[in-house]
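The block underneath contains the structure these notes are about, expressed in structure tokens.
The values are calculated or read from the model by the stated rules, or taken from the named source; none is laboratory data. It should be emphasised that the depicted structure is a prediction, and the values quoted were computed from it without experimental measurement. No Cβ is skipped: glycine too gets one built from the backbone with ideal geometry, and neighbour counts run over all protein chains shown.
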Amino acid sequence: SRRRGGGGGGSAPSWRLSWSLASAPPLLEELAVDESCRELLRDFANSCASLVDCALKNARPVRLCEDCIPQFHNFWGNFDNISKSSGNISCSTQLLRSDRLQLVLKLYRFLQEIWSKSNCDACLNESKTELSADSLIFKKMLNNSLNCFEQYSSDHPNHNGQPSNLSILCTNCKESYKNLTAWYNKMQKNQNLCIDIEDAMNLTRQLWSKTYNCTVPCSDTIPVIAVSVFLLFLPVIFYLSSFLHSEQKKWKLIQPKRLKTYSSVLNIQDQSSCSSAIT
């Protein structure tokens, strides 16, 4: 290090000679962190670096929950080692809460938040070591659909590399895509979706609908059409029933007049008969 000249001709304290941007002075290192705790800090730093590297490499398409499981377990284990006391030395106090910044604790929370927001627990088994049974079934169905897309895309390519006859791909891959969609909807209903599965399904839907211009008829089409037709004819049914009802009331109102007239005629005939008999 370069020694600065002072106005009084005095020299700087000897410990400043060891100061550099690469490392803190040994006296400060010994005062701030015990050597055993520093070793735990190095392990935690390496696990964080490994996890960040894995997460970024699997950012697109997202494969965080499946491909970074070992890195997350290593990250959790090293943080637990820091959190626990080692003999008479509390590494938790020295490394997590000994300064205002609390960098180690904030970094842990940041990476843990990535795991939580990715909802990785939803698509892993109870021990968080591998994909759950439902996730494995989804992965198998996904591969079936993608293999079908790839097969019929390569069998009938045009000059742009896209299939020249989209109807062939749509027809032959419809069943596998419908099965994939149905299984995804089931997992969504059971809240078993993590970011890996959501991203894979979104990309597959883009391939199906935008790249290949395929559609799958909705299973609720017939009920929707039936309800629409019923609503369309509902006014006709209403007016027809109103008309018939009004005609029936009209007939009921007219009927007493006819009966009264008939009764009057009978009364007149009876009176005439009586008069004839008296005469």
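Quick rundown of the values:
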quantity: Residues within the stretch 110-140 that are in contact with an Asp or Glu (Cβ under 9 Å, 6 or more places away or on another chain), polar (S, T, N, Q) and not in a loop (DSSP other than H, G, I, E, B), tallied; calculated: 1
quantity: Condition met for W183 (closer than 26 Å to V62 by Cβ, at pLDDT 95 or above, under 18 Å from the mean Cα position of the chain (by Cα) and of a type outside the set (G, A, S)); calculated: yes
quantity: Residues that are assigned to a helix (DSSP H, G or I) and either farther than 23 Å from C37 by Cβ or modelled with pLDDT under 95 (or both), drawn from the stretch 55-71; calculated: A55, L56, K57, L64, C65, E66, D67, I69, P70
quantity: Boolean, R63 is among the basic types (K, R) and crowded, with 17+ Cβ neighbours inside 10 Å; calculated: yes
quantity: Residues within the stretch 93-111 that are at pLDDT below 95 and buried (at least 19 other Cβ atoms within 10 Å of the Cβ), tallied; calculated: 3
quantity: Qualifying positions in the stretch 112-144 - loosely packed, with under 14 Cβ neighbours inside 10 Å and among the aliphatic types (A, V, I, L, M); calculated: A133, L136
quantity: Verdict on L95 being in a helix (DSSP H, G or I) and within 30 Å of I197 (Cβ to Cβ); calculated: no
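Residue by residue, here is whether (1) touching a helix residue (DSSP H, G or I) at 6+ places or on another chain (Cβ under 7 Å); (2) modelled with pLDDT of 95 or more; (3) outside any loop (DSSP other than H, G, I, E, B); (4) polar (S, T, N, Q) holds:
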residue	(1), (2), (3), (4)
H159	no, no, no, no
S167	no, no, yes, yes
K174	no, yes, yes, no
Q191	yes, no, no, yes
I197	yes, yes, yes, no
A200	yes, yes, yes, no
